[in-house]
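Structure first, then comments.
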Amino acid sequence: MFEMIKSDFERKFKAFGLRAEDQGALRYVKLSMELGTQAAVVYRFCRWARGVKIPVIGLIIRIIARMLHLMVMVVAGINIQPYSTIGRGFAIHNFSCIFLLAEKIGDNCTLNQGVTIGNVRGSKHPPILGDNVYVGAGAKILGDVVIGSNVVIAANSLVISNVPDNCTVAGVPARVISRGADSPYLQYTV
Amino acid sequence: MFEILKADLGRKRELYHHHAGFFTRWVKNAMDPGALAVIVYRFGNWGHRLAIPGISQLIACVYLCLKMPIVLGFGIYIPVRAKIGKGFIIHNMNGIFISTGEIGENCTVQQGVTIGAIRPNRWDGKPRPPKIGNNVYLGAGAKVLGDVTIADNVVVGANSVVLTDTPANVTVMGIPARIVSRHAVSDRAYGMPETKKEEQVANS
């Protein structure tokens, strides 16, 4: 759990929201004040708490995890279901209206506000995302879709079919609009 | 009020929890953010419809205390004057704004849905909110704006913007919303079945 949290922080150090002059402990402090980072840390804790096997202490840890999850949901509006498996370097950019239930997300994923990743009635599994996916604001990824690696999902798009590697998709429903995903968002990897 | 609440929570229980155990069906069903918002709205609406001079104000005070944490914490805003039919389900939370229009029975609202009135022009005072029929499913991020009438049995796909009237028994999607299917299978309503090219061309 701590390696994952460290990788999340390291990814945010590289790219998001810090100036060059902030060094040392100030970077950790500034990033911990962001609601997106707090939600990611709470998700890592909830995910770890799911696997704790000790009988009584495990129950207490799970209750604490549940309460933290509810607090983040109410304060930040970010609801990351612990069922999801999320890789390293997970960055949530803003807050509010984020709902995340995915089968598997790879490394270096970036989420913006208003993103819904979920399953629907009749889909076999929740979405599967590859590495280095940038999900723009307001994007909705629904159903049993498989999204490849190095993909940029533009803002306000609706992804309901599979997306190959190395492309940019946009629109409702999402269509591939570019076969090069050399967008600056994908450079910052852990 | 209690019959309407029973219809709301009962519909939510049937649709989402019919396989689950007792605790989920009776306790967790009423405790998630959407259900709490609906309960508070029904309470406020009942007090508003009561129209007895002293008691209505008292109920309005209690309702305001309950409404503030729902609006701030959950991001769900339902005004008291909205007329919403039985069986209303709010699925997730955040980003939901419903204005004082009319909504029919058995409506399902997902996160990020805005049902808003547009002021027609700057000098005309009254905004005209949408009218929504029965059995309508509003997908995540759907926005229904203006003086729009949505008929019965309509599925509004995720992330669409509905600006014109919609006939009955269709599925609409896109910005601006176009008819993509003459089925409206609301149980699987997420994105749309295969688009029918002729309909898209005919409606564009």
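Take each of the peptides A:96-109, B:129-142, B:40-53, average the number of other beta-carbon atoms within 10 Å over its residues, and list them starting from the highest.
Values: A:96-109: 21.3, B:129-142: 24.1, B:40-53: 16.3.
Descending mean neighbour count gives B:129-142, A:96-109, B:40-53.
Work out which residues of the range A:131-175 lose at minimum 20 square angstrom of accessible surface when the other protein chains are put back, relative to the chain isolated, with a 1.4 angstrom probe, and list them by number.
Going by heavy-atom accessible area, the residues of the range A:131-175 that drop by at least 20 Å² are A:140, A:142, A:156, A:158, A:160, A:172, A:173.
Indicate the gyration tensor shape class of the protein assembly as shown (rounded, prolate or oblate), computed on the Cα atoms with a ≥ b ≥ c the square roots of the eigenvalues: a/c under 1.5 is rounded; otherwise a/b larger than b/c is prolate and the rest oblate.
Working: a/c = 1.71, a/b = 1.26, b/c = 1.36.
Oblate shape, in that a/c is at least 1.5 and b/c is the bigger or equal ratio.
Given charges of +1 on the Cβ of Lys and Arg and -1 on the Cβ of Asp and Glu, with all other atoms neutral, how large is the dipole of the range A:31-112 about its Cα centre, in debye to the nearest 20? Walk me through the numbers on the way to the answer.
Working: 8 positive and 3 negative charges, 71 e Å.
Charge dipole of the range A:31-112: 340 debye, to the nearest 20.
Using a 1.4 Å probe on the protein chains only, how many percent of the accessible area of the range B:2-203 belongs to carbon and sulfur?
Details: 6150 of 10130 Å².
Here carbon and sulfur together make up 61 percent of the probe-accessible area.
Pairing the Cα long axis of helix B:2-16 with the longest principal axis of chain B, what angle in degrees results, from 0 to 90 and rounded to the nearest 10?
Helix B:2-16 sits roughly 50 degrees off the main axis of chain B.
What is the mean number of Cβ atoms from other protein chains located within 10 Å of the Cβ atom of each residue in peptide B:82-93, rounded to a whole number? Intermediate results must be reported in sequence, preceding the final value.
On the way: counts 0, 0, 0, 0, 0, 0, 0, 0, 0, 2, 7, 6.
Per residue, the average neighbour count from other chains is 1.
Report, to the nearest 10°, how far helix B:33-50 tilts away from the longest principal axis of the Cα atoms in chain B, using its own Cα long axis and a range of 0 to 90°.
The answer is roughly 70 degrees.
Got a sec to turn the phi values of the range A:46-55 into Karplus ³J(HN,Hα) couplings, 6.51 cos²θ - 1.76 cosθ + 1.60 with θ = phi - 60°, whole Hz, x for Gly and Pro?
5, 5, 5, 5, 5, x, 6, 9, 5, x
In a Debye calculation with equal point scatterers on the alpha-carbon sites of the range A:1-91 and no solvent, what is log10 I(q)/I(0) at q = 0.12, 0.19 Å⁻¹?
Debye curve over Cα of the range A:1-91, log10 I(q)/I(0) at q = 0.12, 0.19 Å⁻¹: -0.40, -0.89.
Before rounding to the nearest 500, sum -39500 (n - 2.57) across all DSSP H runs of length at least 4 in the protein assembly as shown and divide by the residue total; then give [θ] at 222 nm in deg cm²/dmol. Walk me through the intermediate numbers first.
Numbers: 8 runs with 117 residues, N = 394.
Theoretical 222 nm ellipticity from helices: -9500 deg cm²/dmol.
For the peptides B:147-158, B:28-39, what is the packing order when you average, over each peptide's residues, the other Cβ atoms within 10 Å and list the highest mean first? Intermediate results must be reported in sequence, preceding the final value.
Working: B:147-158: 23.0, B:28-39: 18.8.
Ranking the peptides B:147-158, B:28-39 by packing returns B:147-158, B:28-39.
Buried by at least 50 Å² relative to the chain on its own: which residues of the range A:77-125 qualify, computing accessible area with a 1.4 Å probe on protein heavy atoms?
Listed in order, they are A:97, A:121.
Write down, largest first, the equivalent ellipsoid semi-axes of the range A:71-150 in whole Å, where each equals the square root of 5 times an eigenvalue of the alpha-carbon gyration tensor.
Numbers: eigenvalues 64, 46, 25 Å².
Result for the range A:71-150: semi-axes of 18, 15, 11 Å.
Along the charge dipole of the range A:41-190, which of A:51, A:74, A:100 sits closest to the positive end, that is, farthest toward it, with unit charges on the beta carbon of Lys, Arg, Asp and Glu (+1, +1, -1, -1)?
Highest projection toward the positive end goes to A:51.
Whenever you get a sec, compute what percent of the accessible area on chain A sits on carbon and sulfur atoms (1.4 Å probe). Walk me through the intermediate numbers first.
Numbers: 5300 of 8760 Å².
After summing per-atom areas, the C and S share lands at 61 percent.
Considering only protein heavy atoms, what per residue accessible area in square angstrom results for the range B:71-134 with a 1.4 angstrom probe? Don't skip to the answer; put the middle values down first.
On the way: 2950 Å² over 64 residues.
Using a 1.4 Å probe on heavy atoms only, each residue of the range B:71-134 averages 46 Å².
Lysine pairs in chain A with alpha-carbon atoms under 30 Å apart, 8 or more places apart or on different chains: how many are there?
Step by step, the pairs that qualify in chain A add up to 18.
Rounded to two decimals, what is Rg over Rh for the range B:25-180 when you use alpha-carbon atoms and the Kirkwood radius?
Details: Rg = 15.8 Å, Rh = 16.0 Å.
That ratio is 0.99, to two decimals.
Each residue of the range A:135-143 in turn: what ³J(HN,Hα) in whole Hz from Karplus with 6.51, -1.76, 1.60 and θ = phi - 60°, glycine and Pro shown as x?
9, x, 5, x, 7, 10, 10, 10, x
Take the Cα atoms of the range B:1-80, build their convex hull, and give its volume per residue in Å³. Display every interim value, and only then the final one.
Details: hull volume 7.2 nm³, N = 80.
Enclosed volume per residue, from the Cα hull, is 90 Å³.
If I take every Cα pair under 8 Å that is 6 or more residues apart in chain A, average their sequence separation and divide by the length, what percent do I get for the relative contact order?
Details: 449 pairs, mean separation 26.8, N = 190.
Across chain A, relative contact order equals 14 percent.
Count the DSSP beta bridges whose two residues both fall in chain B, then state the antiparallel fraction as a percent rounded to the nearest 5. All intermediate terms of the calculation are to be shown ahead of the outcome.
On the way: 4 of 28 bridges.
Percentage antiparallel, nearest 5: 15.
Total accessible area buried between chains B and A, 1.4 Å probe, in Å² to the nearest 100?
Values: alone 11140 and 9620 Å², together 19030 Å².
Between B and A, the summed buried area is about 1700 Å².
Just for the Cα atoms in the range A:2-183, what are the lengths along the principal axes, largest first, rounded to whole Å?
Dimensions of the range A:2-183 along the principal axes of its Cα atoms: 49, 48, 26 Å.
Loop-only check: which trypsin sites (Lys or Arg not before Pro) in the range A:7-82 are DSSP coil with at most 12 other Cβ within 10 angstrom?
Here the trypsin sites (Lys or Arg not before Pro) that fit, given the DSSP loop and packing criteria, are A:19, A:53.
With a probe of 1.4 Å, find how much accessible area the range A:1-126 has per residue, and write the answer as a whole number in Å². Mind dumping the intermediate values first?
Details: 6240 Å² over 126 residues.
I get 50 Å² per residue for this part.
Which value in Å does the Kirkwood hydrodynamic radius of the range A:117-190 take, with 1/r averaged over all unlike C-alpha pairs and then inverted? The partial results should precede the final answer.
Numbers: mean 1/r = 0.0829 Å⁻¹.
Every distinct Cα pair counted, the radius reaches 12.1 Å.
With heavy atoms of protein chains only and a 1.4 Å probe, what residues of the range B:132-169 have at least 20 Å² less accessible area in the full set of chains than alone?
Residues of the range B:132-169 that lose at least 20 Å² of accessible area once the other chains are added: B:140, B:158, B:159.
The values are calculated or read from the model by the stated rules, or taken from the named source; none is laboratory data. Note that the coordinates shown come from a computational prediction; the quantities given were computed from them, not determined experimentally. Reconstructed Cβ throughout: ideal geometry from the backbone, glycine too, with neighbour counts over all protein chains shown. Heads up: the accessible areas ignore ligands, DNA and RNA and are worked out on the full protein's heavy atoms, side chains in. Shrake-Rupley method; radii C 1.70, N 1.55, O 1.52, S 1.80 Å.
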